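The values are calculated or read from the model by the stated rules, or taken from the named source; none is laboratory data. Everything quoted here is computed from the prediction, not taken from an experiment. Cβ coordinates were reconstructed from backbone atoms using ideal geometry, including for glycine residues, and neighbour counts include every protein chain displayed. Each accessible area value is taken on the protein alone, full model and side chains, heavy atoms only, with ligands, DNA and RNA left out. Shrake-Rupley method; radii C 1.70, N 1.55, O 1.52, S 1.80 Å.
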Amino acid sequence: MDERACPAPERAWRAADEFARAQRMFVRGGVVIAALSGGGDSVALLRYLCSRQKALGFRVLAAHVNHGLRGAASDGDEAFARAVCAQCGVRLFVRRLTPPANAGEAWAREARYAFFERLGHLCGAQVATAHTRDDNAETVLLHLARGCAVRGAAGIPPVRGRFVRPFLTLPRAELRAALRALGQPWREDETNATAQYARGRVRNAALPALCAVHPGADAALARFAASMRDVADYLDAQAAALLEAARCGADAYDAAALCAAPAALRTQALRTLILRAGAKPEKTALCARAGALLQAGGALCIGEGVWLSVSQGQLRVCRKQTQAQKTWQAPLSPGRVAAPDGSVLEIRLLTPEMCEFSAPDAKKAFIFCADYDKIKTHSCFRTRRPGDRFTPAGRGVRKLLSKWCSEAKMPPAQRGALAVLARGSEVLWAQGFGFSALAAVGAETKTAVTITVRQMGE
């Protein structure tokens, strides 16, 4: 049946058109892959895209994943998807999977999206999914129940990477009405009507209960999500600007600048750092503890081999030392040396006159300036090793470098990549600590040396 003769589908399709235009979803001359499960929402999506491909100038493909979770029913979904695509003249890509033991909703979703992402990349295409207003309301409730932040309260994004969702403002019932008007059948996943999965429990119990208390709760949750999306976008932009302003090195940020920011903005900046580090989204629950570090110092593990640490006024993102870092070594000579943490060590030779300081500044100056002749022989740059000993200038105490690192509340990951200049196990200079008292400039100094840590590109 022709959609143009059906008020129900045309009304729904026009609403989807309006939302897609507002969100700039489709690219003229592009390719759009419909994620087709065989359920009512996805079949409606395929019919919608097919009806619009000439007017909007894109080509429609479809993709189906047979997860194998429901046995013969899963095979039936695949057969139905093939039949619908043949009816619509759309090429279908199918991925058949063998579920592992205890596979569930999370595994299926991850496998499905991985396939869609790969296929979209290979075809240079957008991937359209059939998420509805009801799905968005359910997602918001699930996120709130888990204690989400603003981005979680924003629900399902209309556009994320190559994924687009033109039905996000449409209720599921309206899509079913459109399909019935077209005489278009669809498949029902029997698990949707059960309490087997968390989403099913929200769909069949929690959301209906809210709608009974407040009719239109699903629409209200969708409006709330849209408002939170605007707030989240604003906070993301402001947090990125704050991090850029506070940046003082590769993966290093001024802790005082972050502390001075409003609480909501500071939390969003920390959340951004945690996600940038590759940590799982649930690790953003550590933002409060990360915020406490800014004043108290210390370290916090945010994922396997990744820490946030605060020491010497800087917040750093630290990663487990790689084998290349462990074996890093470089000679001491004037010029620049790339350090294992991504910074650059600049070595400059000076005349003794350039190292003459007033009495109040002399103690501090010895940390940054040394007698070159005392350290140039049999020494090299490398990373810290067990047993290294260090006598910081002005401290008058020699002990294991590891103890100095502990006192500075430096996390293990940062200690492993710490650049030092050493002769055997005697540390003559350490990144962040300066020169050893053994290399102090004196009356007999003929050539002095400074080592400045710079960031790549400075």
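A few remarks follow.
- Treating r as the C-beta distance of GLU282 and ARG118 and R0 as 30 Å, the FRET efficiency rounds to 0.75.
- The chain - Kirkwood radius from inverse mean 1/r over Cα pairs (Å): 26.5
- For the chain, averaging the sequence separation of C-alpha pairs within contact (under 8 Å, six or more residues apart) and dividing by the residue count gives a relative contact order of 12 percent.
- Cα gyration tensor shape for the range 254-325, rounded if a/c is under 1.5, else prolate or oblate: oblate
- Alpha-carbon centroids, the range 80-131 and the range 275-344: separation in whole Å: 38
- Alpha-carbon centroids, the range 2-71 and the range 171-235: separation in whole Å: 18
- Candidates per trypsin sites (Lys or Arg not before Pro) in the range 20-108, loop by DSSP, up to 14 other Cβ within 10 Å: ARG24, ARG28
- When each of the peptides 420-426, 396-402, 210-216 is scored by the mean number of other C-beta atoms lying within 10 Å of its residues, the order from highest to lowest reads 420-426, 396-402, 210-216.
- The gain in end-to-end length when the THR98 to SER406 segment is fully stretched comes to 105.9 nm, 0.36 nm per residue minus the alpha carbon separation.
- Here the chain is assigned +1 on the Cβ of each Lys and Arg and -1 on the Cβ of each Asp and Glu. Its dipole about the Cα centre then comes out at about 580 debye.
- Ranking LEU421, THR98, THR267 by how far each Cα lies toward the positive end of the dipole of the chain (charges on Cβ) leaves LEU421 at the top.
- Pairwise FRET efficiency - ALA240 versus GLN329, Cβ, R0 = 41 Å, nearest 0.05: 0.65
- In this simple spin-label model, placing a label point 7 Å from the Cα along the Cα-to-Cβ direction at both LEU265 and ALA72 gives a separation of 6.3 nm.
- Among beta bridges from DSSP that stay inside the chain, the antiparallel ones total about 70%.
- Cα gyration tensor shape of the range 49-200, rounded if a/c is under 1.5, else prolate or oblate by comparing a/b with b/c: rounded
- Of all accessible heavy-atom area on the range 386-427, the percent that carbon and sulfur account for (1.4 Å): 51
- Once the Cβ-Cβ distance of ARG199 and VAL27 is raised to the sixth power relative to R0 = 30 Å, the FRET efficiency obtained is 0.45.
- Those residues of the range 64-84 whose amide nitrogen sits under 18 Å from the label point placed on GLU190, 7 Å along Cα→Cβ: 67-80
- For the range 372-458, the relative contact order is 36 percent, taking Cα pairs closer than 8 Å that sit 6 or more residues apart in sequence and dividing their mean separation by the residue count.
- Residues with amide H under 5 Å from that of PHE93, placed H, sequence gap 5 or more: ALA62, ALA63, HIS64
- Projecting the Cα atoms of LEU332, ALA448, GLY200 onto the charge dipole of the chain, computed from C-beta unit charges around the Cα centre, puts LEU332 farthest toward the positive end.
- Phi angles of the range 387-394 translate, via the Karplus equation with coefficients 6.51, -1.76, 1.60 and θ = phi - 60°, into HN-Hα couplings of x, 4, 10, 8, 10, x, 4, x Hz per residue; Gly and Pro are given as x.
- Loop-exposed chymotrypsin sites (Phe, Trp or Tyr not before Pro) per DSSP, neighbour cap 15 Cβ within 10 angstrom, longest uninterrupted part of the chain: 1-196
- Around the amide H of VAL344, modelled in the peptide plane, lie the amide H atoms of ALA339, ARG454, GLN455, MET456, all under 5 Å away and 5 or more residues distant in sequence or on another chain.
- Of the GluC sites (Glu not before Pro) in the range 184-285, those whose Cβ has at most 16 other Cβ within 10 Å and which sit in DSSP loop: GLU188
- Built amide H within the under 5 Å cut-off of ALA128, gap 5+: ILE33, ALA34, ALA35, VAL164
- The string of couplings for the range 338-349 from the Karplus curve (6.51, -1.76, 1.60, θ = phi - 60°) is 6, 8, x, 8, x, 8, 10, 9, 9, 9, 10, 9 Hz, one whole number per residue in order, with x for Gly and Pro.
- Shown in residue order for the range 154-161 are the 3J(HN,Hα) couplings computed by the Karplus curve 6.51 cos²θ - 1.76 cosθ + 1.60 at θ = phi - 60°: 6, x, 7, x, x, 9, 8, x Hz (x for Gly and Pro).
- Computed from Cα atoms, the angle from the helix 359-368 axis to the main principal axis of the chain rounds to 60 degrees.
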